[in-house]
Amino acid sequence: MSASANSSTFILRGARPYGGDPVDLVLRDGAVAEAAAAGTASAAGATVVDADGLVALPGLVDLHTHLREPGREDAETVETGTQAAALGGFTAVHAMANTDPVADTAGVVEQVWRLGREAGHCDVAPVGAVTVGLGGERLAELGAMADSAARVRVFSDDGKCVSDAVLMRRALEYVKAFDGVIAQHAQEPRLTEGAQMNEGALSGVLGLRGWPSVAEEAVIARDVLLAQHVGSRLHVCHVSTKGSVEILRLAKERGIDVTAEVTPHHLLLDESLAASYDPVYKVNPPLRGKDDVQALRQAVADGVIDAVATDHAPHAAEDKEGEWANALPGMLGLETALAIAQEALVETGLLDWAGVADRLSTRPARIGRLAGHGRPLRAGEPANVVLVDPAVRRAVDPGALASRSRNTPYAGRTLPGRVVATFLRGRPTVLDGALA
Amino acid sequence: MRHLVSAGDLSRDEALLVLDTAHEMAGLQQREIKKLPTLRGRTVVNLFYEDSTRTRISFEAAAKRLSADVINFSAKGSSVSKGESFKDTALTLQAMGADAVVVRHSASGAAQRLAASGWVGGSVVNAGDGTHEHPTQALLDAYTMRRRLNAGTGDLAGRRVAIVGDVLHSRVARSNVLLLATLGADVTLVAPPTLLPIGVESWPCAVSYDLDAVLPKADVVMLLRVQRERMSEAYFPSAREYTRRYGLDATRAAALQDSAIVMHPGPMNRGVEIAAEVADSERSTIVEQVANGVSVRMAVLYLLLGGAFDTSKEQQR
Amino acid sequence: MTTVPSAGRRDVEPGPAAAEDRDADVRTVLTAAEIDRSLSRIAHEVLERGKGGDDLVLLGIPTRGVALARRLAQRIASFEGSPVPVGSLDVTMYRDDLRLRPARALERTEIPASGVDGKLVVLVDDVLFSGRTVRAALTALDDVGRPRAVQLAVLVDRGHRELPIRADYVGKNIPTSLRENVLVQLAEHDGADAVLLRPAGGAR
């Protein structure tokens, strides 16, 4: 493949949009100029990318990323996190609010947004905290964050649940004024005090305090009813249980305006990994049972779960290598998300590539109200494109990840697919599988 | 097997080897000179992140009677309380040349983590990890049962053992269920439903909420310590109600068979899970358990450090 | 899990027991009758050297040394007309080769009730080889008490000493190569009495 990053016109020769028939995709001036018959497109001064056999998808959009800046720059920065995102095929990520200081003011969200712009690897859409300092007591200045340069539309106390029913109701109502959405981290706090892993037979054997499914499901049930009552939009973060899927299915059948996401790890890994007590498998919500994994995959296929979102949670080595109970929960996700979607959803026959585009790009962009992302691959649309080679299988090498942290649960595991190139508004952020 | 992390790691033959070896150790402990030269020049580190004087001195006595050098590393007042990580502490011990690390920790899985991490080269012995396991306690309990019920030989096939109390938070219960199942005993866990873990029905034992129904058939009643702070977490309404339903008092003990024994891993709450007159009765093995603990831990240290469970070592020979 | 098979000899390479071994390269060096005669002779010598059986204590080193000690005790008792205290002394915990080979199950130590203090203790073992077992036995005996004197009786001395130790009473001296194993079989353990010599090692 020959490419020079300087040229402003790119011809992706022989790419297969959504895994369909090959075409030549021409990207010019930040937009898709045309989708010509394969082998026919030419343009003076254009850089030709040999995309033979590669699947072209709209640039991926992550609803749930922890970039850790400000506060834990030793674990991740906006720069390294967005590099990881671009390498994973993402053109936009939502940066969660649980930084230090918390992203609960216009100042902090604008800073994160600006750092994202300066880094230039993908768009960074800051998520605003719902409550001041994630304290769960007073609403943060949601309107100010919405009106800021960061144009925040997604609000979440992620890491903590907005467990107070009144506060949740008010938040749901309040953000209607600017078409915002509350992304709830559904975890009933009293039922999960000190919780370490999924509650079930295994937690009993391992002597690790259980995180029962009901602690998630009870909050989701309450929140969908609240959303219905006040006529608001609700998004549920990292759904992890079969029961949650059933509640969401029912809510959607009732016409409640709820959307939901699932993480790649909940689509692939199960609680049995906790038996090693290796904290790399500690995550919140915890890895669940095999039947939960199956139900979540099916829910993505059915559309009950709208999006796959990474919950990319970098942690410094010292926070992830000691005793299980003392380790911080969370896993890296950006650089492996598409591979896991391919393994768990495409290779199982649950979704085709168009479905992957819908769940990892179109719907998350719509939920986050990111107008320039998740658009179809056709003339006139923004040139946010990812090229993936689905035929490659590679072992995950933690040392080769762009993230500043190493807490991937997939170390040594062979995963399918490889992101070959990512274009952000016509400009390559990744070429030949490396940062452009 | 280089480490002893879980009672479930032991096959029936391995468990019996430990018990048989402990039996001989106990015989040697009757002599005037109790010390054996077996582990001369070896270093055993007691790494205690949790206060447990009884367990620590038991391991210390065991190691010393085998002539090992013993280093006690207690988390309190040490570099650990200054924020040193588990890993750094382990690497320090390794640098000191520990042949065995006896680890006690409030975090479940800490012993397994240490054994699997490669941070230490020696054998790891789990001396209690959180609410997970305490395998040497189970071994000394099995040893005590065998002495009292089986004249000190064979396994425990068909013996009925009731384990009563806070199973949910008990590492002793977990290790005992695993080991006793391996040795063929029929175990029944007796507790209020709040103090039984979710999924306990998949354990190799029976479960009952009714102590009075279980007592007449039991050969062994093992009482677990009930921590008073469990009350504030609403596991049961009051100590009085707990005692009324699950405490072993003299009236209840009268329902036991004549030969049945009463065990407690200590420390006891007299008047809560066990009445003083039962704790001090002929049936009680509580003091004997402590003495047996030293013999069993001598056997474990000897067999682990001697590589008795390590088949690769035999092939090298 | 490994324990040295009980049929294996301590001073020889651990290997499969060869009671049924009919290979041509296995040689009988002592028959049952010769063993019997040797034990009788040793019993007489012990009495002679010890000037009677008054303060005599026989301690066998497990496994086969114990059976030999019991046989010697019987013979001495029949000569003297009064029982001789006999016991066993396990030396496992006193061995110096814990790092070299797997720990094994402990054998029984049984010291006669009369104890060993001030007594003439005769240690009894089946084969004297490197001398390390006897050294361990002497150390073990230290922790039991203080005998007036300690002597050593063995059924076979095969040479190759690694320590300055010799036996006071020997059934038979059998010069051996280090490539050979001496296998002592006794009725109590193996069904019949015999001492065999066979090539060491080999996957038989």
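Side notes on the structure shown:
- Odd one out for A:Leu139 among (1) under 29 Å from B:Ser106 (Cβ atoms); (2) more than 14 Å from every other protein chain (Cβ to nearest Cβ); (3) open to solvent by 10 Å² or more (accessible area, probe 1.4 Å): (1)
- Just one of the numbered conditions (1) within 21 Å of the chain's Cα centre (by Cα); (2) in contact (Cβ under 8 Å) with a residue 60 or more places away in the chain; (3) open to solvent by less than 10 Å² (accessible area, probe 1.4 Å) is not true of A:Thr80: (3).
Conditions (1) out of contact with any helix residue (DSSP H, G or I) (no Cβ under 7 Å at 6 or more places or on another chain); (2) under 28 Å from A:Val175 (Cα atoms), marked per residue:
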residue	(1), (2)
A:Pro364	yes, yes
A:Arg369	yes, yes
A:Gly372	yes, yes
A:Arg378	yes, no
A:Pro390	no, no
A:Arg393	yes, no
A:Val396	yes, no
A:Gly399	yes, no
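- The stretch C:43-55 - residue that is in contact with an Asp or Glu (Cβ under 9 Å, 6 or more places away or on another chain) and buried (at least 20 other Cβ atoms within 10 Å of the Cβ) and, of those, modelled with the highest pLDDT: C:Val46
- B:Ala62 vs. criteria within 14 Å of chain A (Cβ to nearest Cβ) and either open to solvent by less than 30 Å² (accessible area, probe 1.4 Å) or part of a strand (DSSP E or B) (or both): no
- Of the strands (runs of 3 or more DSSP E) entirely within the stretch A:3-59, those holding at least 2 residues that are open to solvent by less than 50 Å² (accessible area, probe 1.4 Å) and out of contact with any Phe, Trp or Tyr (no Cβ under 8 Å at 6 or more places or on another chain) occupy A:9-17, A:23-28, A:31-37.
- Applying the set (1) away from chain C (no Cβ under 13 Å); (2) farther than 11 Å from B:Met298 by Cβ; (3) not aromatic (Phe, Trp, Tyr) to B:Ala15 leaves exactly one unmet item: (1).
- Residues located in the stretch B:65-79, provided they are open to solvent by 30 Å² or more (accessible area, probe 1.4 Å) and either among the hydroxyl-bearing types (Ser, Thr, Tyr) or at negative phi (or both): B:Arg65, B:Asp69, B:Val70, B:Ile71, B:Asn72, B:Phe73, B:Ser74, B:Lys76, B:Ser79
- Scanning the stretch A:256-271 for residues that are out of contact with any Gly (no Cβ under 9 Å at 6 or more places or on another chain) and open to solvent by 10 Å² or more (accessible area, probe 1.4 Å) turns up A:Ile256, A:Thr259, A:Leu268.
- Verdict on B:Glu273 being open to solvent by less than 40 Å² (accessible area, probe 1.4 Å), touching a residue at least 12 places away in the same chain (Cβ under 8 Å) and assigned by TED's automatic domain parsing to the domain that holds B:Leu223: yes
Condition check ((1) assigned by TED's automatic domain parsing to the domain that holds A:Pro398; (2) touching a strand residue (DSSP E or B) at 6+ places or on another chain (Cβ under 7 Å); (3) closer than 18 Å to A:Val93 by Cα) across all residues:
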| site | (1), (2), (3) |
| --- | --- |
| A:Ala307 | no, yes, yes |
| A:Asp311 | no, yes, yes |
| A:Glu318 | no, no, no |
| A:Met331 | no, no, yes |
| A:Ala344 | no, no, no |
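- Taking residues in the stretch B:176-191 that are in the same structural domain as B:Leu224 (by TED's automatic domain parsing) and closer than 18 Å to B:Ala213 by Cα, and partners anywhere that are among the aliphatic types (A, V, I, L, M) and open to solvent by 30 Å² or more (accessible area, probe 1.4 Å), the pairs with Cβ atoms closer than 6 Å and at least 6 places apart or on different chains are B:Thr188/B:Ala206; B:Leu189/B:Val207.
- Every residue from the stretch A:289-336 that is among the basic types (Lys, Arg) and in contact with a Leu (Cβ under 6 Å, 6 or more places away or on another chain): A:Arg297
- Residue within the stretch B:141-154 that is open to solvent by less than 30 Å² (accessible area, probe 1.4 Å), charged (D, E, K, R), touching a strand residue (DSSP E or B) at 6+ places or on another chain (Cβ under 9 Å) and more than 14 Å from every other protein chain (Cβ to nearest Cβ) present: yes
- Odd one out for C:Thr139 among (1) within 24 Å of B:Pro37 (Cα to Cα); (2) open to solvent by less than 30 Å² (accessible area, probe 1.4 Å); (3) touching a Pro at 6+ places or on another chain (Cβ under 8 Å): (2)
- Selection status of B:Ala107, within 12 Å of another protein chain (Cβ to nearest Cβ), among the aliphatic types (A, V, I, L, M), farther than 20 Å from B:Thr43 by Cβ and crowded, with 21+ Cβ neighbours inside 10 Å: yes
- Subset of the stretch A:206-227 that is at the interface with chain B (Cβ under 7 Å from one of its Cβ atoms) and in contact (Cβ under 8 Å) with a residue 40 or more places away in the chain - its residue that is farthest from the chain's Cα centre (by Cα): A:Leu206
- Candidate set from the stretch C:72-103 (those that are touching a strand residue (DSSP E or B) at 6+ places or on another chain (Cβ under 8 Å), touching a residue at least 24 places away in the same chain (Cβ under 8 Å) and part of a helix (DSSP H, G or I)); member that is farthest from the other protein chains (Cβ to nearest Cβ): C:Ile76
- Of all residues in the stretch A:149-184, exactly one satisfies the criterion of being of a type in the set (Phe, Trp, Tyr) and either touching a residue at least 60 places away in the same chain (Cβ under 8 Å) or open to solvent by less than 10 Å² (accessible area, probe 1.4 Å) (or both), namely A:Phe155.
- Unmet requirement for B:Gln30, which otherwise passes all of (1) within 9 Å of chain C (Cβ to nearest Cβ); (2) over 29 Å from B:Thr182 (Cα atoms); (3) open to solvent by 40 Å² or more (accessible area, probe 1.4 Å): (1)
- Filtered residues of the stretch B:110-137 (kept if of a type in the set (A, V, I, L, M) and either more than 13 Å from the chain's Cα centre (by Cα) or within 14 Å of another protein chain (Cβ to nearest Cβ) (or both)): B:Ala110, B:Ala111, B:Leu114, B:Ala115, B:Ala116, B:Val120, B:Val124
- The stretch B:108-164, residues that are under 30 Å from B:Ala95 (Cβ atoms), of a type outside the set (A, V, I, L, M, F, W, C) and in a strand (DSSP E or B): B:Ser123, B:Asn126, B:Gly128, B:Asp129, B:Glu133
- For the criterion of being under 23 Å from the mean Cα position of the chain (by Cα), of a type in the set (Val, Ile, Thr) and more than 14 Å from chain B (Cβ to nearest Cβ), A:Val175 passes.
- Selected residue (criterion: nearest to B:Ala115 (Cα to Cα)) from residues of the stretch A:318-355 that are open to solvent by 20 Å² or more (accessible area, probe 1.4 Å), at pLDDT 95 or above and assigned to a helix (DSSP H, G or I): A:Glu343
The values are calculated or read from the model by the stated rules, or taken from the named source; none is laboratory data. The structure displayed is predicted, hence computed values, not measured ones. All Cβ positions, glycine included, derive from the backbone under ideal geometry; neighbour counts span all protein chains shown. Accessible surface areas use protein heavy atoms only, side chains included; no ligands, DNA or RNA. Shrake-Rupley method; radii C 1.70, N 1.55, O 1.52, S 1.80 Å.
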